[in-house]
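Let me begin by presenting the structure, written as structure tokens, before commenting on it.
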Amino acid sequence: MATGADVRDILELGGPEGDAASGTISKKDIINPDKKKSKKSSETLTFKRPEGMHREVYALLYSDKKDAPPLLPSDTGQGYRTVKAKLGSKKVRPWKWMPFTNPARKDGAMFFHWRRAAEEGKDYPFARFNKTVQVPVYSEQEYQLYLHDDAWTKAETDHLFDLSRRFDLRFVVIHDRYDHQQFKKRSVEDLKERYYHICAKLANVRAVPGTDLKIPVFDAGHERRRKEQLERLYNRTPEQVAEEEYLLQELRKIEARKKEREKRSQDLQKLITAADTTAEQRRTERKAPKKKLPQKKEAEKPAVPETAGIKFPDFKSAGVTLRSQRMKLPSSVGQKKIKALEQMLLELGVELSPTPTEELVHMFNELRSDLVLLYELKQACANCEYELQMLRHRHEALARAGVLGGPATPASGPAPASAEPAVPEPGLGPDPTKDTIIDVVGAPLTPNSRKRRESASSSSSVKKAKKP
């Protein structure tokens, strides 16, 4: 027989609430009697955090225990949720409106401020920051014996030291307040020089024998020159500033060219040493017996720089290798050198890939190495000749202009007597004579001129070698 609970369950009209309303007790109510209460409590306590709100801000607004945020920060390590400020229950220390005087003031002025009652009668705490300069004091006898100066009177010296005590050696202020009407007009450097001279004299006179003295020294001449130089630097015209920048740029160019020339000379020296070492190696190989020649080749290899000729790889690894692989040029040789080498071989009538016998491979590699070395030497020689010619032309131009100290020699024909040297007007651009004065070191070669020089030198060397 179906009960009312079964009917409600089939029609989905009720549930736990219907059971509770009807007063019937189910099996779940007997097993878990506190489950409904916990669900209701959890539903009432949980709230969803709004979208876009950070977790920390939401925690300040609401927590699990609904604790209000603390009024004051605390040092407890329990976390920010349950921390509350623990205000003490002791008595507040009393404060009192009391008068005080500042020991740094000499006029005895009285002031009032709030202060704790326990600190009544104590000195003003900020008086310790009042630092004064100890200006020496001299007597009449000391002035007459050690400090007398014809350019300064005693009244003027006393006035200077009085201002030094008042303004704590701020000499710009002392110079401003100096009585120039009663005394002679002095500069800041004069005042400093007189003051430090007297301090040094008094330190020497009053010093105990055997003690290290710290005598103040002031160089008035150096200070005057420094200010004069600074004033000149400040008063420069825009034309002078532009000229200085131009000279600095030319100086950088000269230094760059100097470094490039030094690098070229080092490369040329390497090539020369490499040529000498290869020539000595050839002589020793010819003098040595033929049987011991391969052993000496491997044992005594001269230290040749990498720029000298071609360094072919050694195939000493295990396995089968083709002899023609030894004739391959290494990757360190550039395309420019490879083309020049092929051109020279064709002009000499040598095949580019001969039959790779043992003797032929060795001789062919040596020939190509010598040709590359010859090509590099010719290139370096052409560069040096070009630079020498450029320097010769510049020297002649400078001597013609009279810059090198000799009399000015005109380029073509005598100049008229009324002719005057052209002086460039300031502000119309850089002086045309600056290039001739500064650019003595020499300009770098252009790519086109280099190519023409290299091709001409290589073709002439090949033709000379071809002649019987």
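Is there a pair in 259/339; 185/227; 131/185; 131/192 whose C-alpha atoms are over 26 Å apart, and which pairs would that be? Mind dumping the intermediate values first?
Numbers: 259/339 30 Å; 185/227 19 Å; 131/185 31 Å; 131/192 21 Å.
Those over the limit are 259/339; 131/185.
Pull out a ≥ b ≥ c, the square roots of the eigenvalues of the alpha-carbon gyration tensor of the range 170-248, then state rounded if a/c is under 1.5, prolate if not and a/b is larger than b/c, and oblate in the remaining case.
Working: a/c = 4.88, a/b = 1.81, b/c = 2.70.
Note, shape of the range 170-248 comes out oblate.
Highest first, please rank the peptides 363-370, 389-396, 235-242 by the mean number of other Cβ atoms sitting within 10 Å of their residues.
Details: 363-370: 17.0, 389-396: 12.8, 235-242: 11.2.
In descending order of packing, they fall as 363-370, 389-396, 235-242.
What share of Cα pairs, in percent, lie more than 19 angstrom apart in the range 97-236? Numbers along the way, then the final one.
Numbers: 6443 of 9730 pairs.
Here the long-distance tail beyond 19 Å is 66 percent of all Cα pairs in the range 97-236.
I'd like the FRET efficiency for residue 263 and residue 215, computed as 1/(1 + (r/R0)^6) with the beta carbon distance as r and R0 of 45 Å, rounded to 0.05.
My answer for the efficiency is 0.25.
Two decimals is fine: what's Rg over Rh for the range 236-283, C-alpha atoms, Kirkwood radius as Rh? Please report the intermediate quantities before stating the final value.
Details: Rg = 20.9 Å, Rh = 13.8 Å.
Rounded to two decimals, Rg over Rh is 1.51.
Say each of residue 279 and residue 233 gets a label point 7 Å from the Cα, pointing the same way as Cα to Cβ; how far apart are those two points in nm?
It works out to 5.6 nm between the two label points.
Roughly speaking, what is the stretch gain from residue 122 to residue 6, that is 0.36 nm per residue apart minus the C-alpha to C-alpha distance, in nm to one decimal?
Details: separation 116, 0.36 × 116 = 41.76 nm, distance 9.21 nm.
Result for the pair: 32.6 nm of gain on full extension.
Could you check the spin-label model distance between residue 350 and residue 141? Points 7 Å from the Cα along Cα→Cβ, value in nm.
Placing both labels 7 Å along Cα→Cβ, they lie 10.5 nm apart.
On the protein heavy atoms, probe 1.4 angstrom, tell me the percent of accessible surface of the range 179-218 carried by carbon and sulfur.
Numbers: 1400 of 2770 Å².
C and S fraction of accessible area: 51 percent.
Just to be sure I understand the model, the point goes 7 Å from the Cα along the line to the Cβ. What's the resulting residue 196 to residue 244 distance in nm?
Distance between label points: 2.6 nm.
The values are calculated or read from the model by the stated rules, or taken from the named source; none is laboratory data. Everything numeric here is computed off the predicted structure, so don't read it as measured data. No Cβ is skipped: glycine too gets one built from the backbone with ideal geometry, and neighbour counts run over all protein chains shown. The protein model used for the area step is the full one, side chains on, heavy atoms only, and it has no ligands, DNA or RNA in it. Shrake-Rupley method; radii C 1.70, N 1.55, O 1.52, S 1.80 Å.
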